[in-house]
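Notes for the one structure printed next.
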Amino acid sequence: DTVRKVPRGALIVFEGGDRCGKTTQCSKLVERLRSQGVDAVMWRFPDRSTSIGAAINAYLAEQSHLDDAVVHMLFVANRLEKREEMLRLLAGGTTLVLDRYSYSGVAYTAAKGLPHLSIEYCKSVEVLLPAADLVLHMTMTAEATAARGGYGQERYEKVEFQKKAMEAFEALRDERWAVIDASGTIEDIHQQVVAVTEPVVRQALAGRALGRLWD
Ligand code: NYM
């Protein structure tokens, strides 16, 4: 890692199966970082507010049918359309806390088990974005998340599919990932999240270089 002079924000990503509590933990982490004087914002992927995001939303709501390779590219494009703003914010010292990112893109598409949409292929079409400084991998059994409110409303919210996506996440883990047991209380999970995140935010501010996806 090379050392930069200007302090930058950290790229912190929450990943995991549907309904495991990522959104709640993202909000709590941003609140906590701000209370510590860290400039932090939360984003979600997919970003359903753009025109590409609207197409993704219709697909997830099962209001449209799209080819699997095409919808994969829509998710990728939905991140690429935020690339410049993402890099600008990070360079300006803002820490970004993301509710899903490219790792979900790879895991959910690869979980479909289609030979032409392998993990390797999915990685290969998404190399222009920065890598997360930290991936908080929230883990829970597919059966436990299925018991939670609202489950089953969207495409992919089926136990068998979730198991495959969870396996794909495991295959993506590297030294930048921290595994968080998502079955505890909101407060217990938050404490675990804070403990692993704060040192990473400090390293980014101290000049640790931003990586590139899959490097
Ligand atoms: N999803 C999310 C993908 O299939 N590919 C992606 O690149 C991303 C970011 O969309 N089932 C899937 C995972 C979820 C759904 O749900 C988004 P939520 O609850 O908004 O995170």
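The values are calculated or read from the model by the stated rules, or taken from the named source; none is laboratory data. Please read these numbers as outputs of a predicted model, since none were measured by experiment. Cβ: placed from backbone, ideal geometry, glycine included. Neighbour counts: every protein chain shown. The accessibility values were calculated without ligands, DNA or RNA, using every heavy atom of the protein model including side chains. Shrake-Rupley method; radii C 1.70, N 1.55, O 1.52, S 1.80 Å.
Mind checking whether some residue in the stretch 182-196 is touching a residue at least 24 places away in the same chain (Cβ under 8 Å) and charged (D, E, K, R)? Step through it out loud before you land on a result.
Just the residues of the stretch 182-196 that are touching a residue at least 24 places away in the same chain (Cβ under 8 Å), to begin with: 182-183, 186, 189-190, 193-194, 196.
If we keep only those that are charged (D, E, K, R) too, we end up with none.
The answer is no, given that none of the residues of the stretch 182-196 is touching a residue at least 24 places away in the same chain (Cβ under 8 Å) and charged (D, E, K, R).
Can you tell me which of 162, 153, 191, 203 is touching a Gly at 6+ places or on another chain (Cβ under 7 Å) and among the polar types (S, T, N, Q)? Give the steps one after another, and end with the answer.
Details: 153 fails: touching a Gly at 6+ places or on another chain (Cβ under 7 Å); 191 fails: touching a Gly at 6+ places or on another chain (Cβ under 7 Å); 203 fails: touching a Gly at 6+ places or on another chain (Cβ under 7 Å).
Being touching a Gly at 6+ places or on another chain (Cβ under 7 Å) and among the polar types (S, T, N, Q) holds for just one of 162, 153, 191, 203, which is 162.
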Of the criteria (1) over 22 Å from residue 8 (Cβ atoms); (2) more than 16 Å from the chain's Cα centre (by Cα); (3) surrounded by 18 or more Cβ atoms within 10 Å (Cβ to Cβ), which one residue 106 fails: (2)
Test: residue in the stretch 120-142 that is in contact with a Lys or Arg (Cβ under 7 Å, 6 or more places away or on another chain), farther than 19 Å from residue 47 by Cα and of a type in the set (Gly, Ala, Ser): yes
Residue count for the stretch 20-56, restricted to those that are part of a helix (DSSP H, G or I), within 13 Å of the ligand (Cβ to nearest atom) and surrounded by 17 or more Cβ atoms within 10 Å (Cβ to Cβ): 7
Residue in the stretch 57-76 that is open to solvent by less than 10 Å² (accessible area, probe 1.4 Å) and within 26 Å of residue 8 (Cβ to Cβ) present: yes
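Could you list, in sequence order, all residues of the stretch 142-168 that are on the phi > 0 side of the Ramachandran plot and open to solvent by 40 Å² or more (accessible area, probe 1.4 Å)?
So the first thing to find is which residues in the stretch 142-168 are on the phi > 0 side of the Ramachandran plot, and the list is 150, 152, 156.
Matches in the stretch 142-168: 152 only.
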Some residue of the stretch 108-119 being of a type in the set (Gly, Ala, Ser), within 13 Å of the ligand (Cβ to nearest atom) and at positive phi: no
